[in-house]
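K.L.:
So that we are looking at the same thing, I have put the structure below in structure tokens.
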Amino acid sequence: MDKLSIKLNIANRFYPMKIERSSEEMIRNAVKKIDNRLKFYEDNYAIKDKQDLLAMFLFQYMMAN
């Protein structure tokens, strides 16, 4: 299958990935959702550090699942 090389930007860090072309839209939408949630935490809490924002996001994600 044809692999696509992409770089995902999550919390100002780049993550290179090789993905199936058919998964690109789903993966980019997931990154967009993560970025939107991090922006929500940044705007509504006194948290500015990106790693702290990611930790908050992951904690709340795990509590919901």
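K.L.:
Just a yes or no: is a residue in the range 16-34 at pLDDT 90 or above, in contact with a helix residue (DSSP H, G or I) (Cβ under 8 Å, 6 or more places away or on another chain) and part of a strand (DSSP E or B)? Show your work before the answer.
P.N.:
Let us first name the residues in the range 16-34 that are at pLDDT 90 or above, namely 16-34.
Then keep just the ones that are in contact with a helix residue (DSSP H, G or I) (Cβ under 8 Å, 6 or more places away or on another chain); that gives 17, 19, 34.
Next cut, part of a strand (DSSP E or B) only: 17, 19.
Yes, the conditions are met somewhere in the range 16-34.
K.L.:
Then there is this: Among residues belonging to the range 37-56 that are within 14 Å of ASN12 (Cα to Cα) and part of a loop (DSSP other than H, G, I, E, B), point out the one that is most open to solvent (accessible area, probe 1.4 Å).
P.N.:
Once the filter is applied, the top-ranked residue is LYS48.
K.L.:
Select, from LYS48, LYS7, LYS39, the only residue that is on the phi < 0 side of the Ramachandran plot and in contact with a Pro (Cβ under 7 Å, 6 or more places away or on another chain).
P.N.:
LYS7
K.L.:
Checking the condition over 13 Å from the mean Cα position of the chain (by Cα) and among the small types (Gly, Ala, Ser), which residue from ALA64, ALA55, ALA30, ALA11 passes?
P.N.:
On the way: ALA55 fails: over 13 Å from the mean Cα position of the chain (by Cα); ALA30 fails: over 13 Å from the mean Cα position of the chain (by Cα); ALA11 fails: over 13 Å from the mean Cα position of the chain (by Cα).
When all the criteria are applied, what remains is ALA64.
K.L.:
Could you grab me the full set of residues in the range 3-26 that are open to solvent by less than 70 Å² (accessible area, probe 1.4 Å) and closer than 17 Å to LEU38 by Cα?
P.N.:
LEU8, ASN9, ILE10, ALA11
The values are calculated or read from the model by the stated rules, or taken from the named source; none is laboratory data. Just so we're clear, the structure is a prediction, and the values are computed from it rather than from any experiment. Note that each Cβ is placed from the backbone with ideal geometry, even for glycine, and that neighbours are counted across all protein chains shown. Accessible surface areas use protein heavy atoms only, side chains included; no ligands, DNA or RNA. Shrake-Rupley method; radii C 1.70, N 1.55, O 1.52, S 1.80 Å.
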